[in-house]
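The values are calculated or read from the model by the stated rules, or taken from the named source; none is laboratory data. Being a predicted model, the structure only gives us computed values, none of them experimental. No Cβ is skipped: glycine too gets one built from the backbone with ideal geometry, and neighbour counts run over all protein chains shown. Keep in mind that these areas ignore ligands, DNA and RNA; they rest on the heavy atoms of the full protein, side chains included. Shrake-Rupley method; radii C 1.70, N 1.55, O 1.52, S 1.80 Å.
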Amino acid sequence: MSSLAATVRDVFNEPGCAKNGSKPENERRTGCTKQLLPGSAAGGCAFDGAKIALQPFTDVAHLVHGPIACEGNSWDNRGAASSGSDLWRAGFTTDMNETDVVFGGEKRLSKAIKEIILKYDPPALFVYQTCVPAMIGDDINAVCKAATRKFGTPVVPVNSPGFVGSKNLGNKLAGEALLEHVIGTQEPDDITPYDINLIGEYNLAGELWQVKPLFDELGIRILCCISGDGKYREVASSHRARAAMVVCSKSMINIARKMKDRYGIPFFEGSFYGIQDSSISLRDIARLLVERGAPGHLIERTEAVIAREEARAWAAIEPYKPRFKGKKALLITGGVKSWSVVAALQEAGLELVGTSVKKSTKEDKERIRELTGQATQMIEDMPPRAMYQMLKDAKADIMLSGGKSQFVALKAATPWLDINQERCHAYMGYLGMVKLVEEIDRSLFNPMWEQLRRPAPWQALARTLAKVHSPAAISISGSEIDETARRAKKICVCNTVDLGTIEDAVCSHNLTSVEAVRQHTNAIGGCCKRRIEDILQSSPSHALQAAE
Amino acid sequence: MAVVMTPKKACAVNPLKMSQPIGGAFAFMGLRGAMPLLHGAQGCTSFGLTLFVRHFKEAVPLQTTGMTEVTTVLGGYDNLEQAILNIFNRAKPKVIGICSTGVTETNGDDVDAYIKLIRQKHPQLARLPLVYVSTPDFKDAFQDGWGKAVTRMVEVLVETPAVDVPRDPARVNVLPGCHLTPGDLDELRAILSDFGLQPSFLPDLAGSLDGHVPDEFTPTTIGGIGVDEIALMGRAGWTIAIGSQMRRAGEAMQAKTGVPFRLFERLCGLLPNDEFIAFLSEISGRPVPSKYRRQRGQLVDAMLDTHFHIGGRKLAIGAEPDLLFDLSSMLHDMGVQVIAAVTTTHSAVLERLASEEVLIGDLEDLEEVAKSKGCDLLITHSHGRQAAARLKIPFYRVGFPMFDRIGAGHHNSVGYRGTRDLVFAIANLLIEDREQNYRPTPDTWRTSAPAPRPCLRGFTDRTERPIP
């Protein structure tokens, strides 16, 4: 475990990360992982992150060493696309049982490796360490080393037990495994001055292929994409690239930085989400390649392609402008850089009422401010209840977010679009942004919404009937028991506070605002806000009456 | 009589099985205002959460104690305490269901003792029910976790009625196995109500995961059976357990409250439903409503109409034991040959499967046997789609998870009506397959077809199977 601890410390101390670099020395080492709050944590673990980062290598067998939970509950759930082998889609696991936990799982692991190599003969095997074998001390490094020697197939240990940290840390541990065991172990068949690496691009929904035709047109070759639609041989020989682009800087910046140190490959952080960002990225790639010796006309050719594609994209978005006039969007995203999408949404005529900045850097925030002005709310963290209320109050016409908040929007009968990793449409590059706008239009103007928001006509009738027949109607007579029952009633579904408590607080302190009620009681005032307002309006306190 | 085989291989390929703790957590989702809590690392929870969300397309409450490397070494008390307090303060749950995981079981956390200590330290939790169930990942499977959790719910939440409290013969407890969908529960509720019986389902997923739009947002489960209703289950006249996984829960109920229980291992097919309806008629003292006489007639007719297409098919089926037994028995009744049967965990019903052998294994095993034995119908959960594509045979999705089709929660295969709809769906799938893939051409019969093989049922000797 000591080597893993060292790796984790090393990863946290990443000089390539601008955000971390701007912190004072002692904070820098603690990294970005926030301590989890038991009982209110969400998101994946380090193993999850490592698997996500490496699984898009399509011809590799990915073997998970652990009990059934780690692979059995999670395999076959990501939408990366492959142009060749389908081996990556198979789920391999040692499915450790009680005996393995007691006597150690190394034997089972080496048998499993042997079975896979004999049956599937992959160019390489990645072995993922999980919590339970890490706890009982299974040494996967040693098993992998022995297997590599025995079978001649590279068997790569990925040290990523879930409990060492977050998904993001797992991404980086995957990167470390590649750096230590894979990159630079083979040589490419040929090299050209136009070879680049893409790092942190996973080809979800086949997105990479939306941009690849532009590279092909310019003669730029993707020597290796880490890891979308990647092959083992490509990543093993990726150290011969001339330049690199970090597509998702949050996940694998350590690979880019260390490849720069070791092999002198310059890199930049870019994005293919958004029209302007796509152009900037293409420009940067061309510039870096020319700096490293590619012919200078690459830059002119790139500019020509950019001009053509931009004109096409803006023209395609133009017709949506009048339709989107006055429509408000709420953008909640972690993965995709918020401002990449912001520009295109604005160009299409949408008004942005809020955007999340939880994972944004200071520069990101400045950029958002620049693009949107003061009207847009920057959201650090929004609890689902507040999000639901915002949508229910129609403060936004559509929400764009990842799948986790999907049902918050849908249950509030608000259009919603998935722009995170589980989405089934590809939104990358110029084509992708047009597709995004198309999808927003389709969602916003679905005639279904109007029907859904309308209450059933018989509901009002039912309520009237209930009033006549319900025992609550008798309570007006003033019986003591009914009064107790009335006052004990929770005012809201969140069950925080009952009616009596609020009435008492209002009476004894002359409260007039929700804010004040919140201070004197344990009412949260989120979803109950409206109920409290009603109470304040409908029943003026006795003290107030006396004053009058 | 099937022989139960256990696997010889070290590596599970394309797992059929899911882990025990999330099966336990799933059961807690059928309680109202509940928060299931996995005592383990956060990945244990997030994988389960993703699985449930993808299956039901619903917001799913599920929390973690967020064990880290350090807290694992030190023991999980602090994390469990913090998690319970956090959930108590933020989500205001009516009940918290706690399942252990591989991490905390390997570590040997004594959760029962922890809970006692937490209750002592925090008197505000005095009235909050905490139900703990031990569910290590490295033992048993999804179905076992469900069964154990329900048994614990009975032990902790059901009250032993006082001696002089009379039983209400109209009240019936129903303990459904995890292979029943919210749609199945709704169907059962309707059937029981039609006999004048008042059912209490434990757990009741139909209230929480049936995909309805609630009026307000809640961080806990939005429906299901209430804790107060569970407490009164001891006053019912009967307990009906469905699926052999619920035997222990039924026994626990009888031991604690004296309510007699009857186990129905299957509720799909003609005879099991005849038995079920007869039982309801008996305990309610009412004649069978004409509605069910009609439905029975419809099922009989459906079996007549579909047996041309279903009969004689060679089935490869992979499912958890109770679902496997339920479906394969029904299809066997319709003339299907159950050639390849793969399941996840041991169960008493496996020996009675209508196949020669049943293997506790994975989808690779199922695919290999299906291929070598020429099966022409594959039934398993959504993960079987890759195998079906390679085998090029019709594929019917059942059970959990079903993430690549919509409406999984409303599938219905219990009762006369559910069985009728199921045989129609499978027959239509087979008809479509024939139309698309077996249109005769002038050359269809020209080449010499391979001689028809006598159908070998079950597996051959596994050691002789070639490794592809």
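Tabulated results
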| quantity | calculated |
| --- | --- |
| Partner aspartates and glutamates for A:Lys411 [C-alpha distance under 15 Å; skip if fewer than 8 residues away on the same chain] | A:Asp393, A:Asp397, A:Glu450, B:Glu58, B:Asp210, B:Asp215, B:Glu216 |
| Protein accessible surface hidden between A and B, which excludes ligands and nucleic acids, total in Å², probe 1.4 Å | 5600 Å² |
| Modelled FRET efficiency - R0 22 Å, A:Asp10 with B:Val70, Cβ distances, 0.05 increments | 0.75 |
| Cβ neighbours within 10 Å from other chains - mean over B:33-46 | 6 |
| Spin-label proximity, B:Ala231 to region B:109-134 - amide N less than 12 Å from point 7 Å beyond Cα toward beta carbon | B:127-129 |
| Extension reserve of the A:Asp393-A:Phe103 stretch, reckoned as 0.36 nm per residue once the Cα distance is removed | 98.6 nm |
| B:Thr441-B:Lys392 FRET efficiency (beta carbon distance; Förster radius 22 Å; 0.05 resolution) | 0.80 |
| Of A:Ala386, A:Leu204, A:Gly170, farthest towards positive along the dipole that unit charges on Lys, Arg, Asp, Glu beta carbons give chain A | A:Ala386 |
| Residues whose placed amide H lies under 5 Å from that of B:Ala341, excluding near-sequence neighbours | B:Ile317, B:Leu359 |
| Residue-averaged [θ]222 nm for chain A, counting only DSSP H segments that reach four residues, each worth -39500 (n - 2.57) | -14500 deg cm²/dmol |
| Value of relative contact order over chain A, rounded to a whole percent, pairs C-alpha under 8 Å and six or more apart | 11 percent |
| Listed residues A:Ala124, B:Val213, A:Trp88: farthest to the positive end of the dipole of the protein assembly as shown (Cβ charges) | B:Val213 |
| Exercise: per-residue mean of other protein chain Cβ atoms within 10 Å, A:401-408 | 3 |
| Simple spin-label estimate for B:Asp78 and B:Val165 in nanometres, 7 Å along Cα-Cβ | 4.2 nm |
| Contour minus Cα-Cα distance for A:Lys325 and A:Ala462 (0.36 nm per residue) | 45.4 nm |
| Mean Kyte hydropathy of -1.0 or more with a Cα span along the axis of at least 27 Å, helices from DSSP in chain B | B:290-310, B:415-437 |
| Probe 1.4 Å, accessible area per residue of region A:46-188, Å² | 31 Å² |
| Spacing of the two label points (7 Å from each Cα toward its C-beta) at A:Glu300 and B:Arg405, in nm | 5.9 nm |
| Chain B - mean residue ellipticity at 222 nm from DSSP helices (-39,500 (n - 2.57) per run, n ≥ 4, rounded to 500) | -13000 deg cm²/dmol |
| Length-normalised contact order for chain B - Cα pairs under 8 Å, 6+ apart - percent | 19 percent |
| Other protein chain Cβ atoms within 10 Å, averaged over every residue that makes up B:85-93 | 4 |
| 25 Å Cα-Cα threshold exceeded, pairs from A:Lys145/A:Lys258; B:Lys8/B:Lys371; A:Lys150/B:Lys9; B:Lys17/B:Lys371; A:Lys167/B:Lys94 | A:Lys167/B:Lys94 |
| Estimated inter-spin distance, A:Asp121 and A:Trp314, nm [label 7 Å along Cα→Cβ] | 5.5 nm |
| Förster radius 30 Å - calculated FRET efficiency between B:Ala190 and B:Phe308, Cβ distance, rounded to 0.05 | 0.45 |
| Whole-number accessible area per residue in Å² for region A:367-453, which is evaluated in the context of all protein chains at 1.4 Å | 46 Å² |
| Amide proton proximity set for A:Trp416, modelled H, under 5 Å, gap of 5+ | A:Met399 |
| Signed unit charges on C-beta, dipole axis of chain A, positive-most listed residue A:Ala343, A:Ile183, A:Pro154 | A:Ala343 |
| Gain in span if fully extended, B:Arg294 to B:Leu117, counting 0.36 nm per residue against the direct Cα distance | 57.9 nm |
| Neighbour cut-off at most 14 other Cβ (10 Å), DSSP loop, trypsin sites (Lys or Arg not before Pro), region B:1-76 | B:Lys8 |
| Dipole magnitude of region B:224-303, debye to nearest 20 (Cβ charges: Lys/Arg +1, Asp/Glu -1, about Cα centre) | 120 debye |
